[in-house]
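This report concerns only the one structure given below.
The values are calculated or read from the model by the stated rules, or taken from the named source; none is laboratory data. Remember, it's a predicted structure, so these values are computed and weren't measured experimentally. For neighbour counting, all protein chains shown are included, and Cβ atoms are generated from backbone atoms with ideal geometry for every residue, glycine included. Ligands, DNA and RNA are stripped out before the accessible areas are found, and what is left, the full protein with its side chains, is counted by its heavy atoms. Shrake-Rupley method; radii C 1.70, N 1.55, O 1.52, S 1.80 Å.
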Amino acid sequence: MSLGYAEKLSFIEDVGKVGMTEFFDSSYVLQEKIERLAKMIQKVQEYQLLVAYLIFEALRESGHCRYLRDFEVETIGLKETSRRCTDVKCGAKLRDTVLDWEDALPPKEMLPAEKHCRMADLLLCLGTSLQITPACNLPLKCLRGGGKIVIVNLQKTPKDKNACLVIHGFVDKVIAGVMDFLSMQIPPYVRIDLLQIIITRSLSADKKFVNWTLRVASVHALKAPLPFIKSIEVSFSDEHKYKAAVLHEQPFNLKRRTVTTEAFEILLKLNFSDGCGCLCTQINIPFGFKGLNDCSKHDKDSAIQDLREKAIQDSCCGQNVVIERKTISVPKTEFTVHAVVTNIKSFESDSLNNDVKIAKGSMNGSETSRKRSKGRKRKSRF
């Protein structure tokens, strides 16, 4: 998916209003609406509930395989990118899966969406202005079957009049409040990013020294960016012999020469970009070790699951683990793939409940007004 989606769209007139005024329900009203929504969910027969995240950047399959990227895709409109399928039997150029204005919504996603909307007893529209056709008309199919629509959005929508409940609040706060009312827990979200460390070595002409290059790169492509890393500090276990370095620009490369008989550790301090859950993490690389065995797929999955569970248990990020190693002999190159926990978020409703208590205790409404005014300055995350 393209992070710069709006800027890449083709120019077209009459696509709906953008930058509309945002509205925020007071804490007291917001809590009342959350409880109403929770009770509606409880009454839905056998939980026949359809939660519709109406996101208009709809996906298609890209050939027989889809690749999720943690960097901005350079194209939209189903165009070819600079990367290829990693399947040795394929190798075809990949296409982006982000639609431009004139691209039709894929039937594979649209047809099931229409079917489920017609069947839904309760349909939630979360974080969408419901302006772009034909997706914006999907919720109306719910009404024809006797269902109800609830809209959660900071802006007014053309379908507000069709909804039995409209909530002006942040989607994460609303859902966290509903789950709390229903005595259900939202599992923490753990973001795990991958990177590969590549060490290439070659002997000097007199075979007394090793000329080596260290590279920290994306697992998607060598030239692909690592958006979650701001800089890398490189140091060594024998700091008296080897000079430390700081790598500020991508691609992160370091070239050095050492004696062939020496063994030491390369210490990498990865400084994370803004938005990550912690400032940094450290990876130690033994230099001078012999050939390594590849990790199997089962080992990868188990290692990543263990990493996720440890992050939840510790309630912090920065943990990392090796999930794959391989070596090629010409030129002698070692590849090590690391999984790194870059963020963890727990969904709690305590802050929302505290706001409600303040609002209920405020007789003149000044606290509610202050919070609402403050909220207007914030951008919607949905």
Pick out the one residue from ILE312, ILE266 that is assigned to a strand (DSSP E or B), farther than 28 Å from ARG83 by Cα, within 33 Å of the chain's Cα centre (by Cα) and of a type in the set (A, V, I, L, M). ILE266
Tell me yes or no: at least one residue of region 271-284 is open to solvent by less than 20 Å² (accessible area, probe 1.4 Å) and farther than 30 Å from SER346 by Cβ. no
Name the residue that is surrounded by the fewest Cβ atoms within 10 Å (Cβ to Cβ), counting only residues in region 77-91 that are of a type in the set (Val, Ile, Thr) and within 23 Å of ASP193 (Cβ to Cβ). THR86
Taking into account only those residues within region 229-253 that are surrounded by fewer than 17 Cβ atoms within 10 Å (Cβ to Cβ) and within 22 Å of ASP193 (Cα to Cα), which is nearest to the chain's Cα centre (by Cα)? LYS230
Matching option when the condition is outside any loop (DSSP other than H, G, I, E, B), out of contact with any helix residue (DSSP H, G or I) (no Cβ under 9 Å at 6 or more places or on another chain) and surrounded by 17 or more Cβ atoms within 10 Å (Cβ to Cβ), among LEU99, LEU94, LEU111: LEU94
I'd like to verify a number: residues in region 241-259 that are within 15 Å of LYS269 (Cα to Cα), assigned to a loop (DSSP other than H, G, I, E, B) and in contact with a strand residue (DSSP E or B) (Cβ under 7 Å, 6 or more places away or on another chain), how many? 2
Taking only region 125-178 into account, find how many residues are under 24 Å from the mean Cα position of the chain (by Cα) and among the charged types (D, E, K, R). 2
Count of region 315-345 residues which are loosely packed, with under 13 Cβ neighbours inside 10 Å and either assigned to a loop (DSSP other than H, G, I, E, B) or at pLDDT 95 or above (or both): 4
Does THR86 fit the bill of being β-branched (Val, Ile, Thr) and in contact (Cβ under 8 Å) with a residue 40 or more places away in the chain? no
Hits in region 185-202 (condition: among the hydrophobic types (A, V, I, L, M, F, W, C) and more than 12 Å from GLU334 (Cα to Cα)): ILE186, VAL190, ILE192, LEU194, LEU195
Test: residue in region 185-201 that is of a type in the set (Lys, Arg) and in contact with a strand residue (DSSP E or B) (Cβ under 6 Å, 6 or more places away or on another chain): yes
